[in-house]
Amino acid sequence: MSILDFTSKSKEELFILLKSRPDGLRKEEVDFLQKTFGLNEVKTKENNFFTILLRQFKSAFFYLLFIAGIISLFLNQKIEGLLIFIFAFINVTIGFFLEYQAQRAADTLKKYFTKQVKVIRSGEKINIDSRYLVPGDIVILEAGDIVPADLRLLESHGLMVDESVLTGESQPVNKTSEELSSVKSIFEAQNIIFSGTAVVSGEAQGIVINTGSQTELGKMAQLSSNIIRPSIYEKELADFSRLIFIIVLTTIFLIFILNIIFQKQTNLISFIIFCVALIVGLIPEALPVVVSVSLSRGALKLIKKKVIVKRLSSIEDLGDMEILCTDKTGTLTENKLRIEQIIAPKENKILLYFLLASPLARKEKSTNPLDETVLEALSSFHLNKALEDITVLFSLPFDFTRLRSSALIKTPEGENILIVRGTADSILPLCRQTELNESLEQSAEKIKNIESQQGQRVIVLAYKNFNQNQYSVSDEKDLTFLGYLSFSDPLKTTAPETIKLAKKLNVKIKILTGDSKEVAGKIAYDVGLITDINQVILGSELDNLDEENLFKKCEAFSVFARVSPETKLKIIKSLQKKYEVGFLGEGVNDALALKMAHVGIAVKEATDVSREAADILLLDTDLKVIIEGIREGRVIFANINKYIRCALSSNFGNFYSIAIMSLILPFLPMLPPQILLENILSDIPLLTIANDSVDLKELRKPKMYALSKTFPFILILAFISSAFDFIFLAIFHKESQTLLQTSWFTLSLLTEILLIFSVRTRHIFFKAAKPSNGLLLASLGVFLITFLLPLSSLGQNLFSFTPLSWHSLLIILGLSCAYLTTNEIAKFLYFRYH
């Protein structure tokens, strides 16, 4: 039946249709339904073992090599053809292994994004993974939850739902559990809530109608459950690789035509195979794969640092971050609140009144940690029973305009009392007298000192007798001052060190908090974020500024106090005009700011709405975790940048050198198998780059990996490489074909390995951070193969190498050292003046 048919059904009819009951399904019923309907998830196309393997054979480079191998066999060049096939399959194997590892890394990330949902089963309320929901399940929802399936409402209390993901309508929609008639579209289905929509306010109980791909959102295929997608950076690299491919093909075509015109190469077929090998051997065809693998491995490294990326491209955003906006609670402080002082004639009375003005008194869940702290203290006074005996008639929640909350209660004796709690600035002006010996002015001064000197948060309480059963904000006056409580939240021991690391990485930390100016200033001063306790600006001071002055204030200040969710959004928008901005949030009201920021970060305890809006999830609420994540993100791209510089500069230089020398020499400067072997061997150390160490100084500028920044340096290095190739030719041009080819093969590999150690740092190569063990071992292995292969029968018979004399080896080593020195000088001058 259609989902709209459920709108007109009564509760009893719903239970009959879905074979359920008010106390929920039983285990055996759930097991049967799961086998029938499957998991509550939208199936996405997965890359399994075989699809990844097949993709390697669809590469244009594999086709080129395969065709070259067939031509070689057709011309009876069996050894050359066999070698080309071997190299083709080596490339396929390496590509498959790396991509398969990347896929496994992405699969590992998925387990961190399971959603918990509260259901009633066998008469008990339990939390389960939302994937195991089945039609007929009874689901309980509250503000901040993401609806896990299509539900017909059984009960609703003040329920408002954001359906923008489904309908595009930005305004929340009122929902009801009442039966409806003549509903013609999902837009009119007010008693149904749809999978993927968000509960903005209120609470509800609903019965599952559809799950997985049968939900309305599943049918529309708008649920983006696949966490892997190419980033802008990966796309740019893929486009860049294609551009290089076109340039190389054009150059090869011109060289081919010129060789025919000047009849430099007599064996046309061999020259065709040489050209194909040159194209495949010198284009960085693995570049997009290397990027994906680096991102996947980086994601696994971030997991170890308790940072989970929802999509791999978030690593790029994380590394880009220049400003991080965050609250202080839990990030700079321990988020372990304790009551430091209770200033009131009757301690038990102020504790009881404190909780009566909270959601706990209404048997609702409280998101304010202060309430839980006071509840603990209240237990020691054995006043829990008194809390249960009092009825809450009406209440007004805390908001950033009033800076207070209030509740009207009815005592067991039938007396109505209006209780107001909030900041000193919001409560004291409403009071007419005090139960304390000190005056209101003295209390205000003491509170200010507690906040500014001790960094403690102070909550003031006042009350009055009130005869009516409902009240408005205007009734919050002529109150009796009851007293105040001060709360402390100790600084994390790692906080000052984390602020120092952020400064080294050139990441600006900005605290956006609802606390007072004094509390925020004291904590920021203690961790070293500001040098003066008064370097704090209030959210209200930003509200009426024009765009230019707002940006100046947002840029100048690092601490913002008494900030409302709307002002948070203003600050983020303003800073985004110049900077890459990250935002750490967790509440329902933070969802918009999380979406607006370049990088949205949520803690694991955040509401479903915030977790859904965020790009990154923290397993530990600690500023250090985020800063370490930013550092790791930059390390990943610094290492990708090394690969780009090494691969492109050496490949460009060698490509044009070999292409031009084919016009000068009466024979091929390097045979196709030699070109392909050099390509495989030079790639081995480069594949270890992803795990290489990076100098901290090189991580200060997050956008250093941009191709526009890198390409001029690549061209300089390519020019140096070509220059040394022609110096080599000037020295060896009179030597025999096999000696010249072997010597050039040896020189090319040595210089490519040395180039890695040169460009992996801006410093002199021997003063840089120690290379990774993988890079050292891979480089040593390639060095040994380079020198030993020409001496072996394998190298001589298969690759046409010849042993080199000591004289030739010394010249090659001398050229290699001169090449390294020239690169170091060029690098020094480039980074000094560019």
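The values are calculated or read from the model by the stated rules, or taken from the named source; none is laboratory data. Just so it is clear, the structure is predicted and the values come from calculations on it, not from any experiment. As a convention, Cβ positions derive from the backbone with ideal geometry for all residues, glycine included, and neighbour counts pool all protein chains shown. These area figures cover heavy atoms from the full protein model, side chains too; ligands, DNA and RNA do not enter into them. Shrake-Rupley method; radii C 1.70, N 1.55, O 1.52, S 1.80 Å.
Taking Cα centroids, how far is the range 781-821 from the range 350-380 in Å?
78 Å
Calculate the dipole size of the chain relative to its Cα centre from +1 charges on Lys and Arg beta carbons and -1 charges on Asp and Glu beta carbons; express the result in debye to the nearest 20.
Details: 90 positive and 90 negative charges, 497 e Å.
Its charge dipole is roughly 2380 debye.
Can you run phi through the Karplus equation (6.51, -1.76, 1.60; θ = phi - 60°) for the range 121-138 and list ³J(HN,Hα) in whole Hz, with x for Gly and Pro?
Whole-Hz 3J(HN,Hα) from phi for the range 121-138: 9, 6, x, 10, 8, 9, 9, 9, 5, 4, 5, 9, 5, 9, x, x, 5, 9.
Accessible surface of TYR525 in the full protein assembly, 1.4 angstrom probe, to the nearest 10 Å²?
Spelled out: TYR525, probe radius 1.4 Å, area about 110 Å².
What distance in nm separates the two pseudo spin-label positions at ARG131 and MET596, each 7 Å out from Cα along the beta-carbon direction?
3.5 nm
May I ask you to give the percent of accessible area on the chain that is carbon plus sulfur, with a probe radius of 1.4 Å? It would help to have the intermediate numbers written out before the result.
Values: 21310 of 37610 Å².
Roughly 57 percent, rounded to a whole number.
List, in order, the whole-Hz ³J(HN,Hα) value for each residue of the range 793-799 obtained from phi through the Karplus relation with A = 6.51, B = -1.76, C = 1.60 and θ = phi - 60°; use x for Gly and Pro.
My calculation for the range 793-799 gives 5, 4, x, 6, 7, 8, 10 Hz in order.
Based on alpha-carbon centroids, what's the gap between the range 589-628 and the range 412-459 in Å, whole number please?
Spelled out, the Cα-based centre of one part sits 34 Å from the other.
Grab the Cα-Cα distance for ASP399 and LEU268, subtract it from 0.36 nm times how many residues apart they are, and report the gain in nm with one decimal.
Numbers: separation 131, 0.36 × 131 = 47.16 nm, distance 8.20 nm.
Roughly 39.0 nm would be gained on extension.
222 nm [θ] for the chain, helices only, -39500 (n - 2.57) per DSSP H run of 4+, per residue, to 500?
Details: 29 runs with 411 residues, N = 834.
Rounded to the nearest 500, the figure is -16000 deg cm²/dmol.
Charges on Cβ only, +1 for Lys and Arg, -1 for Asp and Glu, centred on the Cα centroid of the chain; of SER443, LEU408, GLY814, which one is farthest towards the dipole's positive end?
Comparing the listed Cα positions along the dipole, GLY814 ranks first.
Only one of the listed values, (1) 112, 67, 46; (2) 89, 55, 49; (3) 118, 71, 51, was derived from the coordinates as Cα extents along the principal axes in Å; which label is it?
So the structure-derived entry is (1).
If I model a spin label as a point 7 Å beyond the Cα along the Cα-Cβ vector, how far apart are those points for ARG362 and TYR579 in nm?
Simple spin-label model gives 3.8 nm for this pair.
How long is the gain from LYS504 to ALA723 if the chain were fully straight, where each residue apart is worth 0.36 nm and the alpha carbon distance is subtracted? All intermediate terms of the calculation are to be shown ahead of the outcome.
Working: separation 219, 0.36 × 219 = 78.84 nm, distance 3.85 nm.
Contour length minus the Cα-Cα distance gives 75.0 nm.
Hey, what do the phi angles of the range 193-210 turn into as Karplus ³J(HN,Hα) couplings, whole Hz, using 6.51/-1.76/1.60 and θ = phi - 60°, x for Gly and Pro?
10, 9, 3, x, 7, 10, 7, 7, 7, x, 9, 7, 9, x, 10, 6, 9, 10
Express in nm, to one decimal, how much length is gained between SER472 and GLU179 on full extension, taking 0.36 nm for each residue of separation and deducting their alpha carbon distance.
Values: separation 293, 0.36 × 293 = 105.48 nm, distance 3.33 nm.
Taking 0.36 nm per residue and subtracting the Cα distance, the gain is 102.1 nm.
Taking 56 Å as R0, compute the FRET efficiency from the Cβ-Cβ separation of THR93 and LYS118 and round it to 0.05.
On the way: r = 49 Å, r/R0 = 0.87.
The pair THR93/LYS118 has a calculated efficiency of 0.70.
Please list, in chain and number order, the residues 5+ apart from LEU25 or on another chain whose amide H is under 5 Å from its amide H, with Hs placed from the backbone.
Amide H neighbours of LEU25: SER122, ILE138.
Would you please classify the overall shape of the range 384-438 from the alpha carbon gyration tensor, given that a ≥ b ≥ c denote the square roots of the eigenvalues, rounded means a/c under 1.5, and beyond that prolate means a/b larger than b/c while oblate covers the rest?
oblate
Compute the FRET efficiency between HIS733 and ILE261 as 1/(1 + (r/R0)^6), taking r as their Cβ-Cβ distance and R0 = 25 Å, and round to the nearest 0.05. Don't jump to the answer; show the numbers that get you there.
Working: r = 22 Å, r/R0 = 0.88.
Taking R0 as 25 Å, the efficiency between HIS733 and ILE261 is 0.70.
Any of LYS363/LYS595; LYS11/LYS118; LYS115/LYS624; LYS568/LYS595; LYS492/LYS770 with alpha carbons more than 23 Å apart? Name them for me.
On the way: LYS363/LYS595 32 Å; LYS11/LYS118 20 Å; LYS115/LYS624 26 Å; LYS568/LYS595 12 Å; LYS492/LYS770 32 Å.
The answer is LYS363/LYS595; LYS115/LYS624; LYS492/LYS770.
At 7 Å along Cα-to-Cβ for each site, give me the label-to-label distance between ALA769 and PHE32 in nm.
6.0 nm
Given H placed 1.01 Å from N in the peptide plane, which residues other than close sequence neighbours of GLU340 have an amide H under 5 Å from its amide H?
Distant-sequence amide H within range of GLU340: SER486, PHE487, SER488.
Once a ≥ b ≥ c are taken as the square roots of the eigenvalues of the Cα gyration tensor of the range 494-635, is the result rounded (a/c under 1.5), prolate (a/b larger than b/c) or oblate (a/b not larger than b/c)?
Details: a/c = 1.45, a/b = 1.12, b/c = 1.29.
Taking the square roots of the gyration eigenvalues as a ≥ b ≥ c, the range 494-635 is rounded.
Accessible area of GLU347, 1.4 Å probe, to the nearest 10 Å²?
80 Å²
Collect residues whose amide H, placed 1.01 Å from N in the peptide plane, falls under 5 Å from the amide H of LEU393; neighbours closer than 5 in sequence don't count.
So LEU393 has HN proximity to LEU408, ILE409, LYS410.
For TRP806, TRP744, give the ranking by accessible area with the largest first, probe 1.4 Å. Please list the in-between numbers first.
On the way: TRP806 200, TRP744 0 Å².
If we order TRP806, TRP744 from most to least accessible, we get TRP806, TRP744.
Anything in the chain that counts as a DSSP H helix reaching 30 Å or more along its axis (C-alpha) with Kyte-Doolittle mean of at least 0.0? List them, would you?
Within the chain the helices that satisfy the rule are 78-110, 232-262, 623-664, 707-732, 737-759, 806-833.
How large is the accessible surface of ARG457 in square angstrom, using a 1.4 angstrom probe and rounding to the nearest 10?
My reading of the accessible area for ARG457 is about 90 Å².
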